[in-house]
1. Quick check on Ser246: is it open to solvent by less than 40 Å² (accessible area, probe 1.4 Å) and assigned to a loop (DSSP other than H, G, I, E, B)?
2. The conditions are (1) at positive phi; (2) surrounded by 13 or more Cβ atoms within 10 Å (Cβ to Cβ); (3) more than 22 Å from the chain's Cα centre (by Cα), and Gly169 fails exactly one of them. Which is it?
3. Spot the failing condition for Asp224; the list is (1) open to solvent by 40 Å² or more (accessible area, probe 1.4 Å); (2) of a type outside the set (Phe, Trp, Tyr); (3) within 25 Å of Ala101 (Cα to Cα), and only one is missed.
4. Just to be sure before I move on: is Asp219 farther than 25 Å from Gly154 by Cβ and at pLDDT 95 or above in the structure I sent?
5. When the stretch 131-165 is examined, which residues are found to be open to solvent by 70 Å² or more (accessible area, probe 1.4 Å) and assigned to a strand (DSSP E or B)?
6. Considering only residues that are part of a loop (DSSP other than H, G, I, E, B) and in contact with a Ser or Thr (Cβ under 9 Å, 6 or more places away or on another chain), look in the stretch 166-204 and name the one that is nearest to Ala101 (Cα to Cα).
7. Which is within 23 Å of Ile210 (Cβ to Cβ) and hydrophobic (A, V, I, L, M, F, W, C), of Leu109, Leu155?
8. Going by the structure shown, is Lys197 over 30 Å from Val94 (Cβ atoms) and either loosely packed, with under 15 Cβ neighbours inside 10 Å or under 30 Å from the mean Cα position of the chain (by Cα) (or both)?
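The values are calculated or read from the model by the stated rules, or taken from the named source; none is laboratory data. Treat the numbers as computed from the prediction; the structure is a model and nothing was measured. All Cβ positions, even for glycine, are placed from backbone atoms using ideal geometry, and neighbour counts span all protein chains on display. Accessible surface areas use protein heavy atoms only, side chains included; no ligands, DNA or RNA. Shrake-Rupley method; radii C 1.70, N 1.55, O 1.52, S 1.80 Å.
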Amino acid sequence: MKKQYFVRKNVALIEAQQRQEKKRARRTALYIAIFVAVALIFIGVCFAVFLRIKTVNITGSEHYPAESILELFPAAVGDNIYSFTASEAEDAIVRALPYIASVKVTRKLPTVVNIEIKEEQAVFATPLAGDVYLIAADLKVLERVSADSEKCEGLITLSLNSIRRCVVGEILEFVDKRTFDAVSGLYADLSDNYIEKKITSLDVRSRFDISFRYEDRFDIYFGDMDNSDIKVRFLVEIIDQLYPDSRGRIDVSDATEASVKLY
């Protein structure tokens, strides 16, 4: 018969071992807490002492000096580099400066902040109430100038009616939103065919009787916006077949048949 052995448990010894393990666990927890506290203090010191703004780089701005942009920036040289949020800074600059289309703020640790500016470009000059408003391709109002301002040179003179709201820094509003769609849509079609810079004036006082001037050589009658892209391509084909010094009137209001009258 196989012998069996029994060992009597030493209760006191087991309890002593358990107390030792608890002490070790408490010491470990204490050491971890001390380490975390020291690490947090170290990080805090780094943030407070080392991560301070020393340089702010501004690129892409032509209309506004760096000082104007820095005045709107929610932090200054010497502040902690994390004392602001990028979105807060970007929104503040875009809202205040009409020519700025977008802003991207990035940090380059430990001390540099980069501000990248993308600006709007004036495309239209719109006479209104004795002044002229410079307007971007997306119909954002950029600036109000006098009628004889040099800033109007090279821009498309845009004639409009039924304007509901024209405020610098905001998108131009019309009584009829379809007028907005007509202006922006026609400019997009002209740009897609690379002739937008050849247009000197654009009359959209009625979205059913649109007309414009091409290179001070041709008066173009466009009619409404139906088949706008086809009409623009048709116009380009017609002008390509005419002599470089030709002048006259071109009617492309019918997308299937155009008429040309040369002077």
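1. yes
2. Condition (3) is where Gly169 drops out.
3. (3)
4. For Asp219, the condition - farther than 25 Å from Gly154 by Cβ and at pLDDT 95 or above - is not met.
5. Scanning the stretch 131-165 gives Arg144, Arg164, Arg165.
6. Leu172
7. Every option except Leu155 fails the conditions.
8. On the way: over 30 Å from Val94 (Cβ atoms): no; either loosely packed, with under 15 Cβ neighbours inside 10 Å or under 30 Å from the mean Cα position of the chain (by Cα) (or both): yes.
When the stated conditions are applied, Lys197 does not pass them.
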